[in-house]
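Since the structure comes first, as structure tokens, the remarks are kept for the end.
The values are calculated or read from the model by the stated rules, or taken from the named source; none is laboratory data. Predicted model, so just to flag it, every value in this text is computed and none were measured. Neighbour counts are summed over all protein chains in view; Cβ atoms, including those assigned to glycine, are modelled from backbone coordinates with ideal geometry. What goes into the accessible areas is simple: the full protein's heavy atoms, side chains included, and nothing from ligands, DNA or RNA. Shrake-Rupley method; radii C 1.70, N 1.55, O 1.52, S 1.80 Å.
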Amino acid sequence: MDFRLSPEQAAFQEEVAGFIEHELPVGWDEEQGSLAERMDVERAVMRRLAARRWLALPWPKEYGGAGASPVQQLLFNEQMAYHRVPGSVNMGVAWVGPVVILYGRADQKQQYLSRIADGTDIWCTLYSEPGAGSDLAAMQTRAVRDGDEYVINGQKIWTTFGHYADWGWLAARTDPAAPKHKGLSTFAVKMDSPGITVRPLINMAGGHEFNEIFFQDVRVPVSQMVGEENRGWYNVAVGLDFERSSIGATSSARRTVDELVAFLRGRGGMDPAVRHRLAEQAIGVQLLRTMAYYIASEQERTGLAPTREAQMAKLFGAELQQKVALTGIQILGMTGQAAKPGTPALALHYGLLRSVANTIEGGTSEIQRSVIASRGLGLPRE
Ligand SMILES: Cc1cc2nc3c(=O)[nH]c(=O)nc-3n(C[C@H](O)[C@H](O)[C@H](O)COP(=O)(O)OP(=O)(O)OC[C@H]3O[C@@H](n4cnc5c(N)ncnc54)[C@H](O)[C@@H]3O)c2cc1C
């Protein structure tokens, strides 16, 4: 057992820290501005990351990545999340690219991959529907073949970045007669295609992250189906080769705890209950960080993420973010109620409201617990 980084890993960690300190575009850390202005900053960050091949860091070099190992990815993701650098959530990199690399044709690789890796195209994910979330395979959006095209009809929901994505990564039903996991296919869809309507959904923190997307007779060329027809469910499951440590959640919770400690230090006369709560959250952060490092190093050693631990870290991290944000708001007390732009109180207010979604996105905590119980611990189903 060796908890130290190798000299190469430590050098990479320093390189990332230097990049964040010196190479990000001016204004990258300002929270204000319109959505369009913040998107411009995000795209500028993405271009700088792409110039170093860090945008698609884990992808093979031939597709514009750096072929990074899981531990390298962890070191990168850890600092990006801690410093709250925008542009790090990239669904094109996380799951569209990996499916295209594995199952796409040569022309699809040519068309999609380099534009993801160089930051030109942003993708959104069109999976969830009003009647298909946890039970995702129940999705009903139809794709019907008509000559050289598929005609898409249906509705998607909770589509993050749907309002500014260039491309959508769509799962739709191509065979309604087949068992539900076996009648789905995946498509690349231009988001400005005629027949697509994007309607904003505002989250409870007042932010516009996700949307409802309506498809009415949207025509998609057959050439934009990725992988085999009716094997889309397996494409939805891909993306597993990437670092799965939940280090992003850890870093975000660690940053908040560090900020609270800095805020409270030197104030004198602290309530013991407050001190204890903060100590508890600091233990949670340290635990999760150790888990994250363990997961990435196992993934690097064996080539596979330890699924049970990865699921435990996802669940623990999502819930820890909520606890840390709540602790922060309670510690700030009346100051916390007077949230103004640029103050730690505002970041915590937003963080607390936004953290509610942490235990829903990417699979709810109930589902995670159930999977850990049955697949991880081998317990009988209810
Ligand atoms: C911030 C955010 C961003 C998102 N971005 C995207 C995106 O970009 N693209 C996309 O396609 N989707 C996206 N989603 C959707 C997300 O994947 C779904 O919200 C999630 O899978 C849960 O589905 P649901 O909302 O339909 O809830 P449901 O599945 O209806 O669940 C409702 C409640 O019932 C519980 N429940 C359901 N089934 C069971 C069960 N079998 N056992 C016990 N409890 C159960 C759930 O845990 C939950 O508490 C996003 C969600 C959020 C919050």
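Among the residues of region 18-29, those that are in contact with a helix residue (DSSP H, G or I) (Cβ under 8 Å, 6 or more places away or on another chain) and open to solvent by 40 Å² or more (accessible area, probe 1.4 Å) comprise Glu23, Trp28. Evaluation of Ser245 against the conditions (1) small (Gly, Ala, Ser); (2) touching a strand residue (DSSP E or B) at 6+ places or on another chain (Cβ under 7 Å); (3) not in a strand (DSSP E or B) shows that the sole unmet condition is (2). The set of residues from region 174-195 being within 16 Å of the ligand (Cβ to nearest atom) and within 29 Å of Ser114 (Cα to Cα) comprises Leu184, Ser185, Thr186, Phe187, Ala188, Val189, Met191.
Restrict the check to region 156-173 and report whether at least one residue is away from the ligand (no atom under 16 Å from the Cβ), of a type outside the set (Lys, Arg) and in the same structural domain as Val226 (by TED's automatic domain parsing). Spell out how you get there, then give the answer.
At the first step, the residues of region 156-173 found to be away from the ligand (no atom under 16 Å from the Cβ) are none.
The answer is no, given that none of the residues of region 156-173 is away from the ligand (no atom under 16 Å from the Cβ), of a type outside the set (Lys, Arg) and in the same structural domain as Val226 (by TED's automatic domain parsing).
Residue by residue, here is whether (1) over 14 Å from Phe215 (Cα atoms); (2) open to solvent by 10 Å² or more (accessible area, probe 1.4 Å); (3) polar (S, T, N, Q) holds:
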site: Met139; (1), (2), (3): no, no, no
site: Arg145; (1), (2), (3): yes, yes, no
site: Gly154; (1), (2), (3): no, yes, no
site: Tyr164; (1), (2), (3): yes, yes, no
site: Thr174; (1), (2), (3): yes, yes, yes
site: Lys180; (1), (2), (3): yes, yes, no
site: Leu184; (1), (2), (3): yes, no, no
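Return yes or no: is Val198 aliphatic (A, V, I, L, M), within 13 Å of the ligand (Cβ to nearest atom), open to solvent by 40 Å² or more (accessible area, probe 1.4 Å) and part of a strand (DSSP E or B)? It is true that Val198 is aliphatic (A, V, I, L, M), within 13 Å of the ligand (Cβ to nearest atom), open to solvent by 40 Å² or more (accessible area, probe 1.4 Å) and part of a strand (DSSP E or B).
Look at Arg115 and say whether it is more than 15 Å from the ligand (Cβ to nearest atom), outside the structural domain of Lys182 (by TED's automatic domain parsing) and either open to solvent by 10 Å² or more (accessible area, probe 1.4 Å) or touching a residue at least 12 places away in the same chain (Cβ under 8 Å) (or both). Yes; evaluated as a whole, the condition is true for this residue.
Go through Ala282, Ala310, Ala305, Ala262 for me and flag whichever is in contact with a Ser or Thr (Cβ under 9 Å, 6 or more places away or on another chain), hydrophobic (A, V, I, L, M, F, W, C) and either in a helix (DSSP H, G or I) or outside the structural domain of Leu353 (by TED's automatic domain parsing) (or both).
Exactly one of Ala282, Ala310, Ala305, Ala262 is in contact with a Ser or Thr (Cβ under 9 Å, 6 or more places away or on another chain), hydrophobic (A, V, I, L, M, F, W, C) and either in a helix (DSSP H, G or I) or outside the structural domain of Leu353 (by TED's automatic domain parsing) (or both), namely Ala310.
Selection over region 201-219 of residues that are under 17 Å from Gln140 (Cα atoms) and either free of Cβ contacts under 8 Å to residues at least 12 places away in the same chain or open to solvent by less than 20 Å² (accessible area, probe 1.4 Å) (or both) gives a count of 3. Residue-level check: of (1) assigned by TED's automatic domain parsing to the domain that holds Val218; (2) touching a strand residue (DSSP E or B) at 6+ places or on another chain (Cβ under 9 Å), Ser134 misses just (2).
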